[in-house]
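A.B. asks: Okay, handing you the structure first.
Read-outs throughout are calculated quantities, based only on the coordinates presented, and are distinct from any laboratory measurement. Source: prediction; values computed, not measured. Here the Cβ positions follow ideal geometry from the backbone for every residue, glycine too, while neighbour counts run over all protein chains shown.
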Amino acid sequence: MDQLLQHVVNMLVLGGTYALLGIGLTLIFGIMNVVNFTHGILYTFGAYMMFIVVHQLGLNFFLALPVAIVAGWLLGAAIEITLLRPLRGADIDTTMLVMIGAWIAMQSGALWIWGGVAKSIDNPFPEAPLVIGPVSVSWLRLFVLFAAALLIVIAYSLINLTKLGKAMRATFQDSDTAALMGVNVSWIYTSTFAIGSSLAAAAGALLGPVYVVFPQMGDLAAVKAFAIVILGGLGNITGAVIGGFILALAEELGAGYVSSGYRDAMGFLIIIAVLVFKPTGLFARAERVG
Amino acid sequence: MTRTVSLITLAFFISVPLWLKDPYLLNALITTGIFIIGAMSMNLLLGFTGQLSLGHIAFFGIGAYVSALTSLGYDVPIYGDFHIVHTPWPPIAGFALAVVISGFCGYLVGKLSFRVRGAYFVIVTISFAEVVRLVALNWVELTQGPLALTNIPSITIGLPYLGYLTLKTKLQNYYLVLAVAAVSYFLISRLVHSHYGRAMRGLMENETLAVSVGIDVTKALTLTAVISAAIAGAAGSLYAHYIRIIDPEVFAFISTVTMVIMVVSGGKGSLAGPVVGGVIFGLLPVLLRPIMAPEAQWITYGLVLIAILFVLPRGIVPALAPKLGFGRPQIRPKPVVMTERTAEEHA
């Protein structure tokens, strides 16, 4: 029972960042219909921004997070404008392959600039974990959980309460009609990609200090993000949040009770199971797949 | 016309070892050839049915592991004292088993994943490949995990007049790979020009229409997946017996990407596409190696992929073939005319 409680606490910490990754990707995938293979590299990028700000510039840990988010936003916007904007109307396979090309180029770029050696990021929190009864959690992880929750709330309000969010949702439902109503669909796409990318960078910046930072860290994160999106249903923000926590729970329980070697297999098994049995995702309204 | 071109190309490849004596380049050609076989099998799915399998390396890796384990033998505890013990078989049996088992995996994956299309199909296939990779990494009793399977024997074949021949040298392996590539090319060419090939293209162009005239879409797709996976498995087996050491890195996603790049740059849906794209992208690292750091090579790789998609979205062969005078069969498959007769063929 104690062990289970500990797994649930770990799940909450992990699930928060997974939800961020998932929201970012479900926005891009859902609104733009782009299978975004650069999502993982944005996650890596966020973690490296954290490393640069904390270690190379020597600035405050808490300042690094907003810097990583803004940098992710800018990089996302740049990718969208240079690579995706000229390909409007191209089929999904073409944009997917362009994204794969960008991913390879950027990941190798990260390897070139920062080298393959994993780096760890110092944090200002006390070493001793917070112990409540049978459960212990490090202060850093607690911070990650709260920061992720805050960012989820911000993203949620951005999409549901602002004018930009309304335009994004309209574009998701029917881009032609949205354009006829005066929505600048092209800029909505750019904003969507930039916001999604900044969320991925935020997730990387949050998990970077928890684990270590290396150029390939985003690969698994990207596939996990796809798992979350599929679990939650395309373009479904609430689904992505719940999906993030379900994936985290599956990984925690899989690692705890099956074998830690198969921890990362959970996301893939979830993808296969969901697509085989309920291809529209667990929380989707009627939505055609394919 | 195309047949002549194919034969001239084949004759050219046969002649290569006669004038190319550099062992490093020959090695590059052999590994490129193995990947071209993989790319041809991927092209069968991507170019002729429109399904992008980004887990294609799974079939390649399964072929490599099946072939290696068959020829090395294993002793795996299953439950308690119950062991599965296998004594080594000749590598050629491993090759045959690799083809059969990869094909069977293709059948299973096809059955499961052809319920979904487009991006979802892509993600299911990636997931399959990653699960297989994690099994290869963690089932240490069978696969040695990250310690790798070593000392995989070279393929021995029985030849008339020559007796048994163990293919150890680069020259012998080059001709082995070339032979398998030529047979695969021939098989794929026969398949896409058969009535199954017409069914495949029909459902790529308009699946709803194909179904409405009575084409059994799942059957056509599954058959394609089986053949495609079997050929990829053959390539994997060749890889295992040539390199003679395999570890779970054979399932690396980047290898699938390499195949995709070969297919897309050469021209998906054209038989010659993967060969042209494969030769270019297989040998590009060899050309870049003296002038660039490895990371810069990969950056170039990614940028070249993007450039090709921007400039020649349909690929090199379909863009250039008409200008060189041989247009018809290589460009795009002929548009499928759905008549009642074609429908009856598949009924």
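A.B. asks: Taking Cα pairs under 8 Å and at least six residues apart, what relative contact order does chain A come out at, in percent?
C.D. replies: Relative contact order, chain A: 37 percent.
A.B. asks: Another one. Roughly what angle does helix A:92-114 make with the longest principal axis of chain A, taking Cα atoms, 0 to 90 degrees, to the nearest 10?
C.D. replies: It works out to around 40 degrees.
A.B. asks: Filter the DSSP H helices in chain B by two things, a Kyte-Doolittle mean of at least -0.5 and an axial alpha-carbon span of 18 angstrom or more, and list the hits by number.
C.D. replies: The qualifying helices are B:2-19, B:23-49, B:57-72, B:91-113, B:118-138, B:170-192, B:217-243, B:253-266, B:273-288, B:294-311.
A.B. asks: In µm²/s, what is D for the stretch B:1-66 at 4 °C and 1.567 mPa s, where D = kT/(6 pi eta Rh) by Stokes-Einstein and Rh is the Kirkwood radius from Cα pairs?
C.D. replies: Stokes-Einstein gives a translational diffusion coefficient of 92 µm²/s.
A.B. asks: Taking the Cα atoms of chain A alone, what are Rg (to one decimal) and Dmax (as a whole number) in Å?
C.D. replies: Cα-based Rg and Dmax for chain A come out at 18.6, 59 Å.
A.B. asks: Bin by bin, in steps of 5 Å, what percent of the Cα pairs in the stretch A:147-268 do you find, going until the bin that has the longest distance?
C.D. replies: Spelled out per bin, shortest first, that is 2, 10, 15, 21, 19, 13, 9, 6, 3, 1, 0.
A.B. asks: Starting from the Cα coordinates of the stretch A:1-142, work out the convex hull volume and express it per residue in Å³.
C.D. replies: Hull volume normalised by residue count: 139 Å³.
A.B. asks: To test your reading of the geometry: what angle, between 0 and 90 degrees and rounded to tens, separates the Cα axis of helix A:2-27 from the longest principal axis of chain A?
C.D. replies: 20 degrees
A.B. asks: Hey, with R₀ at 45 Å, roughly what FRET efficiency would A:Ala149 and B:Thr4 work out to, going by the Cβ-Cβ distance, to 0.05?
C.D. replies: Working from the Cβ atoms, E equals 0.10.
A.B. asks: Then there's this: Can you tell me the FRET efficiency between A:Ser186 and B:Glu205 if r is taken as the Cβ-Cβ distance and R0 is 22 Å, rounded to the nearest 0.05?
C.D. replies: 0.15
A.B. asks: Run the dipole for chain A about the Cα centre, Lys and Arg Cβ at +1, Asp and Glu Cβ at -1, nothing else charged, and hand back the magnitude in debye, nearest 20.
C.D. replies: Here the size comes out at about 440 debye.
A.B. asks: Continuing with this model, one more query. Where Rh is the Kirkwood radius over the Cα pairs of the stretch B:27-177, the temperature 20 °C and the viscosity 1.002 mPa s, what D in µm²/s does Stokes-Einstein return?
C.D. replies: Translational D for this selection: 124 µm²/s.
A.B. asks: Go ahead and estimate [θ] at 222 nm for chain A from helices alone: -39,500 (n - 2.57) per DSSP H run with n ≥ 4, summed, over the residue count, rounded to 500.
C.D. replies: Calculated from helices alone, the mean residue ellipticity at 222 nm is -22500 deg cm²/dmol.
A.B. asks: Enumerate by residue number the trypsin sites (Lys or Arg not before Pro) in the stretch A:197-290 meeting two conditions: DSSP loop (anything except H, G, I, E, B), and at most 14 other Cβ atoms within 10 Å of the site's Cβ.
C.D. replies: Those that pass, being in a loop and sparsely packed, are A:Arg285, A:Arg288.
A.B. asks: Using 0.36 nm times the number of residues separating B:Leu320 and B:Leu159, minus their current alpha carbon distance, what extension gain do you get?
C.D. replies: 53.9 nm
A.B. asks: Using the basic label-point model (7 angstrom from Cα toward the beta carbon), what is the A:Ser136 to B:Ala93 distance in nanometres?
C.D. replies: Using points 7 Å along Cα→Cβ, the separation is 5.5 nm.
A.B. asks: Something else: At a Cα cut-off below 30 Å, give the lysines reachable from A:Lys278, other chains included and same-chain residues fewer than 8 away excluded.
C.D. replies: Correct list for A:Lys278: A:Lys166, A:Lys224, B:Lys111, B:Lys219.
A.B. asks: Could you work out the Kirkwood radius for the stretch A:69-157, taking every pair of different alpha carbons, averaging 1/r and inverting it, reported in Å?
C.D. replies: 17.2 Å
A.B. asks: In the Gaussian network model of chain A, springs joining C-alpha atoms below 10 Å, which of A:Val229, A:Val183, A:Val13 carries the largest mean-square fluctuation?
C.D. replies: Fluctuation is largest for A:Val183.
A.B. asks: What FRET efficiency do you get for B:Phe12 and A:Ile92 if R0 is 51 Å and r is their Cβ-Cβ distance, rounded to the nearest 0.05?
C.D. replies: 0.85
A.B. asks: By the scheme Lys and Arg +1, Asp and Glu -1, what is the net charge of all other residues having a beta-carbon under 15 Å from that of B:Gly61?
C.D. replies: Net local charge, B:Gly61 excluded: -2.
A.B. asks: Turning to a different aspect of this structure: In percent, how large is the relative contact order of the stretch A:151-290, given Cα pairs closer than 8 Å and 6 or more residues apart?
C.D. replies: That works out to 18 percent.
A.B. asks: Fully extended, how many nm does the chain gain between B:Leu283 and B:Glu249 (0.36 nm per residue separation, minus their Cα-Cα distance)?
C.D. replies: Result for the pair: 10.1 nm of gain on full extension.
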